[in-house]
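Beneath this line is the structure, given in structure tokens, with notes to follow.
Computed from the coordinates by the stated procedures, all read-outs in this text should not be read as laboratory data. All values derive from a computational prediction rather than experimental measurement. Backbone-built Cβ (ideal geometry, glycine too); neighbour counts: all protein chains shown.
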Amino acid sequence: MNLSLSNKNLLGINSLGRIGKLLLWKQIHLRHFDGFVVNCGREVGKSFDDLIQTIENDSNYGSIHKFLYGMVGKNAEIKILDREKQILSIDGLPIKVLHSARDPKDINWLNEGVKIVVDCTGSFLDPTQATEAGKPCLRGHLDSGALKVIASAPFKIKGTATMPEDAKTMIFGINHLEYDPTKHHIISAASCTTTGLAHMMKPLMENKLTSRIVTASMSTIHASTNTQSILDNVPKAGATDLRKSRSMINNIILSSTGAAKALELVIPAVKKIGFMADSVRIPTNTVSLINLNVTFYTKLDELGEPLINRKLINEVYANAAKGAQKDLLVYSERQNVSADIAGTIAAVTLEAHETHTRTGFISFPPEALALQGVKTDKELGMPVTHAKIFGWYDNELGSYVHCLSMLTNYIADNS
């Protein structure tokens with residue numbers, strides 16, 4: 001059985017890791033594609049049944065049956081269509097599983113009838129690498145017949161190379177409308193943190209009062225990922241961060257994140273802001289929290305009260321949640337904990353209950369003003385408002401895979 005003969009609109013997924021499997025679940029639910037071709041790159045277990053069990057169950061979210069039908073007791077219909085060729089179906093959607101190729105250029109998407117591929121390996125992230133260099137690379141998917149490839153992680157360009165014209169970072173609901181099918185062939189869906197952060201920054205940047213930002217920083221209190229060690233181990237040769245080798249189940253671990261740099265790619269206006277970002281890994285299984293700190297230039301009203309305050313900031317988010325970012329940004333005045341957010345499909349859930357602001361003055365002495373060409377013998381003050389804003393996001397199935405799926409469907413429909 002050749003899957004491509006019976007289905008014209010197929011999605012290719014490279015890797016059945018955390019994001020790959022959950023993307024398959026989400027796309028089965030959405031039924032936007034007629035079928036799927038999944039490349040594992042190796043054998044799984046001892047039989048095809050072992051692979052099906054891997055697809056069927058998840059420690060964080062339960063079974064695919066509960067994902068698709070809740071707790072009503074109904075199960076998804078899983079059938080083996082061709083055991084030898086490893087083709088199954090879930091709720092009538094065929095899924096062909098490939099095992100032989102680990103290098104994207106060897107997968108032969110053309111033969112499988114696949115035009116859109118989502119690479120979920122996390123291993124091929126440099127859009128400047130070419131297959132002629134002899135190493136497996138993201139561009140190999142195009143060489144093997146795919147028309148578009150979407151990486152489920154931020155680009156990582158090695159050396160001093162610049163971003164190719166056919167590559168672009170996109171987040172659904174932020175800049176996906178900039179997609180040009182004649183130009184963009186390699187797309188990064190950024191990261192889970194950048195996705196949540198972008199949806200928190202967008203309303204602030206688009207509001208006249210809150211768009212004048214002095215500086216901003218972010219810390220993500222992030223759930224564990226497979227890049228961390230379960231138990232302490234010996235760092236690899238040349239390792240610069242020894243904490244990555246420490247046990248994720250026993251520690252709070254300071255880490256780095258490229259969210260600030262990636263944010264500039266989807267909201268270019270952020271480049272004018274001094275933005276810092278870091279990550280604190282904690283021993284939970286999923287759902288993370290953005291702690292966004294923003295300092296605004298502000299003005300005072302006739303009573304001397306700042307125009308930017310807690311009420312205004314929450315109104316900005318409440319309006320965005322009802323407007324352009326509806327269903328992608330959720331405004332919540334509830335007192336949430338991380339378990340309440342698991343599976344939530346919004347890119348970010350604003351914890352409005354915890355929004356806080358404080359206004360003060362930056363003082364400029366006469367000598368500092370003189371350097372700017374201002375002549376005065378008085379010290380001048382400028383009012384600024386500092387805000388702490390919190391946003392939840394499910395860094396796996398809910399927030400990230402949902403936005404990745406929406407982006408994938410948009411690219412498929414407009415290519």
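In whole Å, how far is the Cα centre of the stretch 258-287 from that of the stretch 336-415?
With the stretch 258-287 and the stretch 336-415 each reduced to a Cα centre, they are spaced 10 Å.
Between the DSSP loop rule and a limit of at most 16 other Cβ atoms within 10 Å, which trypsin sites (Lys or Arg not before Pro) in the stretch 32-121 are left?
Values: sites: 42, 46, 66, 74, 79, 83, 85, 96, 102, 105, 115; in loops: 42, 46, 74, 83, 85, 102, 115.
Answer in residue order: 42, 46, 74, 83, 85, 102.
Taking the Cα centre of the chain as the origin and placing charges on Cβ (Lys, Arg +1; Asp, Glu -1), which of 113, 67, 289 is farthest toward the positive end of the dipole?
Farthest along the dipole direction, towards plus: 289.
Considering the chain as a Gaussian network with a 10 Å cut-off on Cα pairs, which listed residue, 197, 138, 303, attains the greatest mean-square fluctuation?
In this elastic network of the chain, the residue with the biggest mean-square fluctuation among 197, 138, 303 is 303.
Between 404, 231, 312, where does the largest GNM mean-square fluctuation fall for the chain, given springs only between Cα atoms within less than 10 Å?
It is 231.
What is the calculated FRET efficiency for residue 333 to residue 74, with r their C-beta to C-beta distance and R₀ = 30 Å, to the nearest 0.05?
Numbers: r = 34 Å, r/R0 = 1.14.
The computed FRET efficiency comes out at 0.30.
How far, in nm, would the chain grow between residue 211 and residue 358 when pulled straight, counting 0.36 nm per residue and subtracting the alpha carbon separation?
Values: separation 147, 0.36 × 147 = 52.92 nm, distance 1.70 nm.
Once the chain is fully extended between residue 211 and residue 358, it gains 51.2 nm.
If I build a Gaussian network model for the chain, linking alpha-carbon pairs within less than 10 angstrom, which residue out of 147, 371, 11 has the largest mean-square fluctuation?
Among 147, 371, 11, the largest GNM mean-square fluctuation belongs to 371.
Once Lys and Arg get +1 and Asp and Glu get -1 on their Cβ, which of 161, 231, 141 lies farthest toward the positive end of the dipole of the chain?
In the chain, that residue is 161.
Within the stretch 233-332, which trypsin sites (Lys or Arg not before Pro) sit in a loop by DSSP and count at most 15 neighbouring Cβ atoms inside 10 Å?
Numbers: sites: 236, 243, 244, 246, 261, 271, 272, 281, 299, 310, 311, 322, 326; in loops: 236, 246, 299, 326.
Filter output for the stretch 233-332: 236, 299, 326.
Measure nothing fancy, just the Cα-based angle from helix 310-322's long axis to the longest principal axis of the chain, in degrees from 0 to 90, nearest 10.
30
How much length is gained if the chain between residue 300 and residue 57 is pulled fully straight, taking 0.36 nm per residue apart and subtracting their Cα-Cα distance, in nm to one decimal?
Working: separation 243, 0.36 × 243 = 87.48 nm, distance 5.59 nm.
Separation in residues times 0.36 nm, less the Cα-Cα distance, equals 81.9 nm.
With labels modelled as points extended 7 Å from the Cα through the Cβ direction, what inter-label distance (nm, one decimal) is found for residue 278 paired with residue 243?
0.7
Would you mind telling me the antiparallel percentage of the DSSP bridges in the stretch 320-411, rounded to 5?
Numbers: 11 of 15 bridges.
Just about 75 percent of them are antiparallel.
Going through the stretch 337-384, which trypsin sites (Lys or Arg not before Pro) have at most 16 other Cβ atoms within 10 Å and a DSSP loop state?
Details: sites: 358, 375, 378; in loops: 375, 378.
Within the stretch 337-384, the qualifying trypsin sites (Lys or Arg not before Pro) (loop, at most 16 other Cβ atoms within 10 Å) are 375, 378.
For the stretch 1-148, take N as its residue count and report Rg(C-alpha) divided by 2.2 N^0.38 Å.
On the way: Rg = 15.3 Å, N = 148, 2.2 N^0.38 = 14.7 Å.
Normalised by 2.2 N^0.38 Å, the Cα Rg of the stretch 1-148 equals 1.04.
State to the nearest 20 debye the size of the charge dipole of the chain about its Cα centre, where the only charges are +1 on K and R beta carbons and -1 on D and E beta carbons. Don't skip to the answer; put the middle values down first.
Numbers: 44 positive and 41 negative charges, 55 e Å.
Value, rounded to 20: 260 debye.
Once the Cβ-Cβ distance between residue 183 and residue 32 is put in as r, and R0 is 35 Å, what FRET efficiency do you end up with, to the nearest 0.05? Write out the running numbers ahead of the final one.
Working: r = 23 Å, r/R0 = 0.66.
After rounding to 0.05, the efficiency reads 0.90.
Do any of 311/388; 261/311; 105/148; 168/326; 168/261; 202/322 go past 19 Å between their Cα atoms, and which? Before the final figure, lay out the partial values.
Numbers: 311/388 13 Å; 261/311 30 Å; 105/148 13 Å; 168/326 24 Å; 168/261 14 Å; 202/322 14 Å.
Among 311/388; 261/311; 105/148; 168/326; 168/261; 202/322, the Cα-Cα distance tops 19 Å for 261/311; 168/326.
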